[in-house]
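Below is one structure, written out as structure tokens; comments come after it.
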Amino acid sequence: MKYYSLPPFRIKMVEPIKQITKEERIERLKEAGFNPFRLKSEDVFIDLLTDSGTGAMSHYQWSALMMGDEAYAGSRSFYRLEKAVKDITGYKYVIPAHQGRGAEQVALPNLIKRKGMYVISNIHFDTTRAHVELAGGRALDCACEECFDLSLDYPFKGNFNIIKLKELIEEKGKDNIAAIIMTITNNSAGGQPVSLENMREVNKIARMNSIPIVIDGARYAENSYFIKLREKGYNEKSVRDIAKETFDLADVFLMSSKKDGLVNIGGLIAIKDNEELFRQCQVRVIPMEGFPTYGGLSGRDMDALAVGLNEALEEDYLQYRLDEIRYLGDKLQEGGVPIQYPTGGHAVFVDCGAICPQIPFDQFPAQVVCNELYIEGGIRAVEIGSLLLGRDPDTHENLKADKEFMRLTIPRRTYTLEHLNYVARCLIEVCKRGKELKGLDFVYESPILRHFTAEFKPKE
Ligand code: F0G
């Protein structure tokens, strides 16, 4: 018997969910242009689209909401949030934003000083890539080889490929690199962790070449707990100390707080000590997000976040969190479903290229499996493959992703293991008909971030 740790909470309030019939689901999916993003959530039974802003707040957070100070400038809530962020990161400057992409649109253009500058990341998240490109930059991914070998048991599949990183800097010229973004955990590689050893090497290379380091830390707490579990020498350290050591290696922290902030909305920019960059972000945040002491958040949002940031570092919570993902991964593997193994911090990534090898990458095999899973069980998942990757900004050719993933993303403190058992059962059924499934053609495709709004029709 494998051991999975128990949830360190009990349920105080529930949100009823209902399941519509299979016939209704087929109809709803057609209306949605075969794109689960376009479904109404009331038509979804179990929503695994994202772990972003979909978690449950604790009663400490709900009571903190009542303390919200809704002042435009200098609210008490801001100073409570600022203190929490400074305590965790050790950074000097803190600016809230309405969510992660708000933080990106404020900070990234201040780093990308010239058109055509490069930003290198282990893997850019899609909005991060979009903001690099909107600021005139070019986003380069530099993931370690191990992350593409899905069955390889490797502890830090989120790592940078250090040799490739050095080569990229050499090839493009260090003065043309605007920043290195360490995405922790590495969402697009399967929520896979990045080791401190790897981040230290990235830091050494960046320092040698005077390139700023940004942490894209939506899930930095989950990453820190993986380090505690897997990295030599860290088992006895607290997650808080590990997180601090991580932040010491970077200059800027951008966060979508909708993940490890345990809130439904919110984002953060924190800057270690670069006063000039802080001033530039202060100037930009006002027209883009809001005054620098609220950045698009209400006082109550900031108070809930101040509490959530600390709760997400509690180790019994993190142990349960990583175990529920592992549980779903184990159930799927037992049923023969190909997944990124070991499982990451927020989701199980399913290898849909292996489930339906007959579907070419530009007919989006993982989107096809997402649609089938919805029809099978009212479960909404998300494509992380060639559809999400989009087109080359210069040639406009469809880019081919390394893997055609479907992400089963688990919201925090929201679903029970019974729900996850059901998800596994439904997906195992879908896999049985994988080889018979047909690809998709675009009916509508937007020029940027196409996966959100695209409409499709199934191939004849
Ligand atoms: N960075 C990473 C690593 C993310 O995973 C996300 C969002 C963002 C930045 C942007 O933050 O949504 O608050 O604006 N990820 C969500 C997801 C949407 O489903 O993975 P945001």
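The values are calculated or read from the model by the stated rules, or taken from the named source; none is laboratory data. This structure is a prediction, so every number in the text was calculated from the model and none was measured. Heads up, the Cβs are rebuilt from the backbone with ideal geometry, glycines too, and the neighbour counts pull from every protein chain shown.
Look at Lys157 and say whether it is surrounded by fewer than 17 Cβ atoms within 10 Å (Cβ to Cβ) and either out of contact with any helix residue (DSSP H, G or I) (no Cβ under 7 Å at 6 or more places or on another chain) or under 20 Å from Arg200 (Cβ atoms) (or both).
Values: surrounded by fewer than 17 Cβ atoms within 10 Å (Cβ to Cβ): no; either out of contact with any helix residue (DSSP H, G or I) (no Cβ under 7 Å at 6 or more places or on another chain) or under 20 Å from Arg200 (Cβ atoms) (or both): yes.
No, not satisfied.
Which ones in the stretch 203-214 are within 16 Å of the ligand (Cβ to nearest atom) and touching a residue at least 40 places away in the same chain (Cβ under 8 Å)?
First, pick out the residues of the stretch 203-214 that are within 16 Å of the ligand (Cβ to nearest atom): 213-214.
Correct list: Val214 only.
Report, ordered by the first and then the second residue, all pairs with beta carbons closer than 7 Å, sequence separation of six or more or different chains, a first member in the stretch 264-287 that is part of a helix (DSSP H, G or I), and a second member that is among the hydroxyl-bearing types (Ser, Thr, Tyr).
Phe278/Tyr93
Please pick out the residue among Asp126, Asp141, Asp51 that is within 15 Å of the ligand (Cβ to nearest atom) and in contact with a Lys or Arg (Cβ under 8 Å, 6 or more places away or on another chain).
Working: Asp126 fails: in contact with a Lys or Arg (Cβ under 8 Å, 6 or more places away or on another chain); Asp141 fails: in contact with a Lys or Arg (Cβ under 8 Å, 6 or more places away or on another chain).
Going through Asp126, Asp141, Asp51 in turn, just one is within 15 Å of the ligand (Cβ to nearest atom) and in contact with a Lys or Arg (Cβ under 8 Å, 6 or more places away or on another chain): Asp51.
One line per residue, one yes/no per condition, for (1) in a helix (DSSP H, G or I); (2) aromatic (Phe, Trp, Tyr); (3) modelled with pLDDT under 95:
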{"site": "Ser151", "(1), (2), (3)": "no, no, yes"}
{"site": "Glu167", "(1), (2), (3)": "yes, no, no"}
{"site": "Glu171", "(1), (2), (3)": "yes, no, no"}
{"site": "Ala179", "(1), (2), (3)": "no, no, no"}
{"site": "Val194", "(1), (2), (3)": "no, no, no"}
{"site": "Glu222", "(1), (2), (3)": "yes, no, no"}
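Farther than 20 Å from Asp301 by Cβ and in contact (Cβ under 8 Å) with a residue 40 or more places away in the chain: is that true of Met117 in this structure?
On the way: farther than 20 Å from Asp301 by Cβ: yes; in contact (Cβ under 8 Å) with a residue 40 or more places away in the chain: yes.
In short, yes.
Would you point out which residue out of Leu387, Leu427 is surrounded by 23 or more Cβ atoms within 10 Å (Cβ to Cβ), at pLDDT 95 or above and touching a His at 6+ places or on another chain (Cβ under 6 Å)? First the steps, then the outcome.
Values: Leu427 fails: touching a His at 6+ places or on another chain (Cβ under 6 Å).
That would be Leu387, the only listed residue that is surrounded by 23 or more Cβ atoms within 10 Å (Cβ to Cβ), at pLDDT 95 or above and touching a His at 6+ places or on another chain (Cβ under 6 Å).
Contact list please: Cβ distance under 9 Å, first residue in the stretch 82-102 and part of a loop (DSSP other than H, G, I, E, B), second residue within 9 Å of the ligand (Cβ to nearest atom) and aliphatic (A, V, I, L, M), pairs at least six apart or on different chains.
The qualifying pairs are His98/Ile265; Gln99/Ile265.
Inside the stretch 191-228, can you point out the residues that are under 24 Å from Ile269 (Cβ atoms) and under 13 Å from the mean Cα position of the chain (by Cα)?
Gly191, Pro193, Ile215, Asp216, Gly217, Ala218, Arg219, Tyr220, Ala221, Glu222, Asn223 - these are the residues of the stretch 191-228 that are under 24 Å from Ile269 (Cβ atoms) and under 13 Å from the mean Cα position of the chain (by Cα).
Which numbered condition trips up Ile112, out of (1) within 16 Å of the ligand (Cβ to nearest atom); (2) of a type in the set (A, V, I, L, M, F, W, C); (3) at pLDDT 95 or above?
Here Ile112 clears every test but (1).
Six or more apart or on different chains, Cβ atoms under 8 Å: show the pairs whose first residue is in the stretch 309-325 and of a type in the set (Val, Ile, Thr) and whose second is surrounded by 22 or more Cβ atoms within 10 Å (Cβ to Cβ).
Note: pairs meeting the criteria are Ile325/Gly191; Ile325/Thr343; Ile325/Gly344; Ile325/Gly345; Ile325/His346; Ile325/Ala347; Ile325/Val348; Ile325/Ile410.
Between Lys18, Lys30, which is more than 16 Å from the ligand (Cβ to nearest atom), out of contact with any Pro (no Cβ under 9 Å at 6 or more places or on another chain) and in a loop (DSSP other than H, G, I, E, B)? Talk me through it step by step, then tell me what you get.
Working: Lys30 fails: in a loop (DSSP other than H, G, I, E, B).
None of the other options fit; the residue is Lys18.
Of these, Ala71, Ala103, which one is within 21 Å of the chain's Cα centre (by Cα), within 26 Å of Val307 (Cβ to Cβ) and not β-branched (Val, Ile, Thr)? Show your work before the answer.
Details: Ala71 fails: within 21 Å of the chain's Cα centre (by Cα).
Testing whether each residue is within 21 Å of the chain's Cα centre (by Cα), within 26 Å of Val307 (Cβ to Cβ) and not β-branched (Val, Ile, Thr) leaves just Ala103.
Would you say Lys435 is of a type in the set (Lys, Arg) and modelled with pLDDT of 95 or more?
Working: of a type in the set (Lys, Arg): yes; modelled with pLDDT of 95 or more: yes.
Answer is yes for this residue.
Cβ-Cβ under 8 Å, sequence separation 6+ or interchain: first residue in the stretch 342-359 and outside the structural domain of Lys403 (by TED's automatic domain parsing), partner part of a helix (DSSP H, G or I) and among the β-branched types (Val, Ile, Thr). Which pairs?
Pairs found: none.
Go over the candidates Gln333, Gln319 one by one and state the one that is modelled with pLDDT of 95 or more and more than 22 Å from Arg219 (Cβ to Cβ). Spell out how you get there, then give the answer.
Working: Gln319 fails: more than 22 Å from Arg219 (Cβ to Cβ).
Testing whether each residue is modelled with pLDDT of 95 or more and more than 22 Å from Arg219 (Cβ to Cβ) leaves just Gln333.
Which pairs have Cβ atoms under 8 Å, sit 6 or more apart or on different chains, and link a residue in the stretch 428-454 that is outside the structural domain of Asp126 (by TED's automatic domain parsing) and free of Cβ contacts under 8 Å to residues at least 24 places away in the same chain to one that is outside any strand (DSSP E or B) and small (Gly, Ala, Ser)?
Phe442/Ala454; Glu445/Ala454; Ser446/Ala454
Yes/no matrix, rows are residues, columns are (1) farther than 25 Å from Glu145 by Cβ; (2) among the β-branched types (Val, Ile, Thr); (3) within 16 Å of the ligand (Cβ to nearest atom):
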{"position": "Ile339", "(1), (2), (3)": "no, yes, no"}
{"position": "Phe349", "(1), (2), (3)": "no, no, yes"}
{"position": "Ala354", "(1), (2), (3)": "no, no, no"}
{"position": "Cys370", "(1), (2), (3)": "yes, no, yes"}
{"position": "Ile375", "(1), (2), (3)": "yes, yes, no"}
{"position": "Ala381", "(1), (2), (3)": "yes, no, yes"}
{"position": "Leu387", "(1), (2), (3)": "no, no, yes"}
{"position": "Met406", "(1), (2), (3)": "no, no, yes"}
